[in-house]
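Asks: Here's a structure for you.
The values are calculated or read from the model by the stated rules, or taken from the named source; none is laboratory data. On a predicted model such as this, the values are computed, not experimentally measured, just so you know. For neighbour counting, all protein chains shown are included, and Cβ atoms are generated from backbone atoms with ideal geometry for every residue, glycine included.
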Amino acid sequence: MADVSDPNLLVGQLGLVGLALGALWRLLMWVRQAPWTPDPWDANLERKLHEPDAVEVCHHCFDPRTTDGWFCEHCGSAVGSYNNLMPFVCLFSEGEVLRNGVEGKLRASPLVIAGYLLISLSAYTFFAPIYWIFFFRNLIRPKRPAEEIETASPG
Ligand SMILES: [Zn+2]
């Protein structure tokens, strides 16, 4: 085993720190030089989005938002601008996310699955495995034809 005061070990550690700093510098330069990606929509749609008579819609049911409330009047989804920042209302947003995990349509990517497992573990602690049963049952259930069309579309 190497001695702690071994000068070769110190040089090796300095070399590793230098490599890590160099890799961090390359990463920062790579991010700074990355090209700006254009919006997925065209300039006409971008202009329409910023018109004064543009209407906000619910992200879940596309019902026009007529009030400045926290929840959609049609489907109950959390649509308020600051729902996730208010401690009490945030609970309803988390509940909506967890409910979508067991009832809604999910994109079954490893990141989504890991996110659901972690958020349910933090929300339900010892009872999380019960949630996981319903979550995985929702993941493997056969999709209805309308859902397959929605999930097959890009974006
Ligand atoms: Zn809605």
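Asks: Any chance the range 90-99 includes a residue that's surrounded by 11 or more Cβ atoms within 10 Å (Cβ to Cβ) and within 13 Å of the ligand (Cβ to nearest atom)?
Replies: Looking for residues that are surrounded by 11 or more Cβ atoms within 10 Å (Cβ to Cβ) and within 13 Å of the ligand (Cβ to nearest atom), one finds at least one in the range 90-99, hence yes.
Asks: Just to check your reading of the model, which residue among A114, A54 is closer than 25 Å to L139 by Cβ and not aromatic (F, W, Y)?
Replies: Every option except A114 fails the conditions.
Table: residues versus (1) under 25 Å from P142 (Cα atoms); (2) modelled with pLDDT of 90 or more.
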{"residue": "R26", "(1), (2)": "no, yes"}
{"residue": "T37", "(1), (2)": "no, no"}
{"residue": "T67", "(1), (2)": "no, no"}
{"residue": "V102", "(1), (2)": "yes, yes"}
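Asks: Then there's this: Of everything in the range 58-70, what is within 8 Å of the ligand (Cβ to nearest atom) and closer than 21 Å to M86 by Cα? Give them in sequence order.
Replies: C58, H59, H60
Asks: Quick one: count up the residues across the range 71-89 that are assigned to a helix (DSSP H, G or I) and more than 15 Å from the ligand (Cβ to nearest atom).
Replies: 5
Asks: Here is a follow-up. Residues that are in a loop (DSSP other than H, G, I, E, B), of a type in the set (A, V, I, L, M, F, W, C) and at pLDDT 85 or above: does the range 109-120 have at least one? Even if it seems obvious, please write down each step before you answer.
Replies: Of the residues in the range 109-120, the ones in a loop (DSSP other than H, G, I, E, B) are 109.
If we keep only those that are of a type in the set (A, V, I, L, M, F, W, C) too, we end up with none.
No: zero hits.
Asks: Filter the range 29-44 down to the residues that are assigned to a helix (DSSP H, G or I) and surrounded by 10 or more Cβ atoms within 10 Å (Cβ to Cβ) and list them by number. Give the steps one after another, and end with the answer.
Replies: If we filter the range 29-44 for residues that are assigned to a helix (DSSP H, G or I), which is where we start, we get 29-32, 43-44.
Within the range 29-44, just M29 meets the criteria.
Asks: Could you say whether any residue in the range 20-42 is under 25 Å from the mean Cα position of the chain (by Cα) and touching a residue at least 40 places away in the same chain (Cβ under 8 Å)?
Replies: yes
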